[in-house]
Amino acid sequence: MYLFILAGLLFAKIKKYKISYIFINIDFYPLFVIEAVHVFFQVLVFCGNYDYVKYAPYIHKASMLSLLLPIILRKLHIQALVGSGFVFFGTLLNKVCIKANGGYMPVYPTLSKLTGYFREGDLSKGYDNLHIAFSGTTKLDFLSDYIDTGVFIMSIGDLFIYSFIVIVVYYAVKGMNFETIREDANHACS
């Protein structure tokens, strides 16, 4: 998920917003802590320890919930509704794919094999009850997990779901910039 945080920050930087405000304001501190735990779990997977994979859904939910703080503090209600629409649509796409494949999400690793994040036989170890290897019998393969970043493999539905993070991060940074400009103008007038 840190890639989506970085994407939101990149969009803000492209729009010439000062992104250092995320370290001055408390908005993203809970998200940073949760992402640090997520990165720690990914390092464990790289080392072959899959004991914590079962906690991945909780980490994802905690990340999404931690975005409530910037949504509330920066009054990003409309942006949160739009992002929630993307989450709903992405979840629907994933559910359709899972339903079409007998309750499993097919995974097609490419780059992750090269980075060592994914090893042959990983999906047969049964570390989760959701993912199976992509095969010739895979249905709706364009909705399966095939977008490989080298450290995680996503589906199109996942991209829609995680776009929520990009939206919140971008608009929170934008809000922090405008708030600082307003405060500076108020100080200059007094």
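Just so you know, all these numbers are worked out from the coordinates, no wet-lab data involved. Because the structure is predicted, anything quoted here is derived from the model rather than measured. Here the Cβ positions follow ideal geometry from the backbone for every residue, glycine too, while neighbour counts run over all protein chains shown.
Here are some notes:
- Packing-based order for 3-16, 161-174, using average beta carbon neighbours within 10 Å, highest first: 161-174, 3-16
- Straight-line reach from LYS113: taking Cα to Cα under 19 Å and skipping same-chain neighbours fewer than 8 places apart, the lysines in range are LYS125.
- Positive-pole candidate from GLY83, ALA7, LEU44, dipole of the chain, charges at beta carbon: GLY83
- Distance violations [Cα-Cα > 19 Å] among LYS75/LYS174; LYS15/LYS174; LYS95/LYS139; LYS15/LYS61; LYS99/LYS139: LYS15/LYS61
- Note that the chain shows a convex hull volume over its alpha carbon atoms of 120 Å³ per residue.
- For the chain, the longest principal axis of the alpha carbon atoms and the long axis of helix 156-189 meet at an angle near 10°.
- Estimated inter-spin distance, LYS95 and PHE32, nm [label 7 Å along Cα→Cβ]: 3.6 nm
- Degrees separating the helix 2-14 axis from the principal Cα axis of the chain, which is the longest one: 40 degrees
- Our summary gives the chain a relative contact order of 32 percent, counting only alpha carbon pairs under 8 angstrom and 6 or more residues apart.
- LEU81-CYS47 pseudo-label distance in nm [points 7 Å out on the Cα-to-Cβ vector]: 4.7 nm
- Modelled this way, with points 7 Å down the Cα-to-C-beta line, the labels at LEU140 and LEU10 are 2.8 nm from one another.
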